[in-house]
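Visitor: Provided herewith is a single structure, encoded as structure tokens, for subsequent inquiry.
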Amino acid sequence: MAKVTIDDIEIEVPDGTTILQAARMIGADVAPPAMCYYSKLATTGGYCRTCIVKVEQGSTKDPRPMPKPVPSCRTTVMDGMVVRNNTSPEIQEARAGIVEFLLINHPLDCPVCDQAGECDLQNLGYKHGAEATRYEFDRRTFEQIDIGENIKLHMNRCILCYRCVKTCEQITDGRVHGVLNRGDHAEISTYIEQAIDNDFSGNVIDVCPVGALTDKTFRFKSRVWFTKPMDAHRDCDKCEGKVAVWMKGNEILRVTGRKDEFGEVESFICNTCRFEKKSVSDWTIEGPRKINKKSVISANHYEETKKPTYLYDRVQLLNDGKKLPEVNSKDNG
Ligand code: SF4
Ligand code: FES
């Protein structure tokens, strides 16, 4: 075991734990942001540098500070290590610089992007971004590409975090896309624009931290904060069948994996659940999903809805196979 102090909070963690994992054990407020690391996928992390921290003391044996900020997702703790994240002004300034780099080519098209409201880069931009860009050159631009019939790739928005590549490599049975070229020419692409058509390919949508990979069955249907996320499940022979369904009225607009407080899915779901089960009768609705208080999705105090309401009563009727009463538009909640 190793004792590590992060932002003046001490925690004991197993040897081999990274600084990021140790910070997450303390809590989401202490944990550095992570745009490329994904705990459910191996060999992620090390690409984006948003998770940098200052190591003020290397260990009890060798207390010298580390000379430069280190990526917390790739640096393991040592006994007696002292780390600063939120409490280091230099780290906040360096992170602002990284956000500026990430935004060099990323278009500011949040008003028309389906990821708005649940975009890690948007959140990072609000916290660390500058008001204006200093970049004077043309941004990289690409045509939008259809990856199979359900996924749209907007390469303009991609930050090359590699999460989608690792997802396909590790949980589908044949990756047909990857990062082509390098440096300023690097881009996510399918080989000969082959469709990704295996049972778990839709998970690339959930792991993408920005709006580069979007669900074509949901695109432009609604702003995410106008929908009501519910936990739901069904018997599925391909995945656990535990999902979040995003409802508007009695309609399911989209189905996603259930995300935790760090924005990672609790378990990967199959394409049948994600793309084909859009009817309320396909699901057993468990109740409202708890949404992070900082998210715009909870802006209308959605998470405080505790007692059954009009919508839940109707969903329950549908689940029980009963007929719905007449709709009065004023009641529709
Ligand atoms: S498409 Fe999304 S998940 Fe894939 S590398 Fe780009 S930003 Fe990351
Ligand atoms: S999350 Fe650590 S480098 Fe991207």
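All of the numbers you see were taken from the coordinates with simple rules; none came from a lab. Since we're looking at a predicted model, the values are computed, not measured. Cβ sites come from the backbone with ideal geometry, for glycine too, and all protein chains shown count toward neighbours.
Visitor: In percent, what relative contact order does the chain have, based on Cα pairs under 8 Å that are 6 or more apart in sequence?
Guide: This gives 13 percent for the chain.
Visitor: For Cys36, which sequence-distant residues (separation of 5 or more, or a different chain) have an amide H within less than 5 Å of its own amide H, given hydrogens modelled in the peptide plane?
Guide: Distant-sequence amide H within range of Cys36: Cys48.
Visitor: Moving on to the next point. With no solvent and one equal point scatterer per Cα, compute the Debye intensity ratio I(q)/I(0) for the chain at 0.10, 0.16 Å⁻¹ and report its log10, rounded to two decimals.
Guide: The computed values of log10 I(q)/I(0) come out as -0.66, -1.39.
Visitor: Among Arg254, Arg134, what is the fewest-to-most ranking by other Cβ atoms within 10 Å?
Guide: Arg134, Arg254
Visitor: Report the one residue of Ser295, Ile151, Cys239 whose Cα lies farthest in the direction of the positive end of the charge dipole of the chain (charges on C-beta: Lys and Arg +1, Asp and Glu -1; origin at the Cα centre).
Guide: Positive-most Cα among the choices belongs to Ser295.
Visitor: Would you order Glu149, Glu264, Glu131 from fewest to most other beta-carbon atoms within 10 Å of each residue's own beta-carbon?
Guide: Going from sparsest to densest Cβ surroundings: Glu131, Glu149, Glu264.
Visitor: Okay, moving on. Modelled label-to-label distance, Asp15 and Ile104, 7 Å Cα→beta-carbon offset: nm?
Guide: It works out to 4.1 nm between the two label points.
Visitor: Follow-up question, since we're still on this one. Can you list residues whose amide H is under 5 Å from Glu266's amide H, if they're 5+ apart or on another chain and H is modeled 1.01 Å from N?
Guide: Arg258, Lys259, Asp260
Visitor: What is the angle, in °, between the Cα long axis of helix 310-319 and the longest principal axis of the Cα atoms in the chain? Nearest 10 is fine, range 0 to 90.
Guide: 70 degrees
Visitor: Only four residue types carry charge here, +1 at the Cβ of Lys and Arg and -1 at the Cβ of Asp and Glu. Report the dipole size of segment 68-179 about the Cα centre in Debye, rounded to the nearest 20.
Guide: Here the size comes out at about 380 debye.
Visitor: Would you mind calculating the relative contact order of segment 118-274 from Cα pairs under 8 angstrom and at least 6 residues apart, reporting the percent as a whole number?
Guide: 20 percent
Visitor: In what sequence do Thr17, Thr133, Thr87, Thr50 fall when counting other Cβ within 10 Å, fewest first?
Guide: So the ranking, lowest neighbour count to highest, is Thr133, Thr87, Thr17, Thr50.
Visitor: Cα atoms only: what Rg and Dmax, in Å, come out for segment 2-100?
Guide: Gyration radius and largest Cα-Cα distance of segment 2-100: 12.4, 37 Å.
Visitor: I want to make sure I understand the PRE zone here: with the label point 7 angstrom from the Cα of Arg134 toward its beta carbon, which residues in segment 24-68 have backbone N atoms less than 11 Å away?
Guide: none
Visitor: How high is the relative contact order of segment 129-215, in percent, with contacts defined as C-alpha pairs under 8 Å that are six or more residues apart?
Guide: 34 percent
Visitor: Something else about it: Quick one: helix 89-102 against the long Cα principal axis of the chain, what's the angle to the nearest 10°, folded into 0 to 90?
Guide: So the helix axis and the longest Cα principal axis differ by about 60 degrees.
Visitor: On to the next question. Using θ = phi - 60° and the Karplus curve 6.51 cos²θ - 1.76 cosθ + 1.60, what whole-Hz ³J(HN,Hα) does each residue of segment 204-211 get, with Gly and Pro shown as x?
Guide: Ordered by residue, 3J(HN,Hα) equals 4, 5, 5, 7, 5, x, 10, x Hz.
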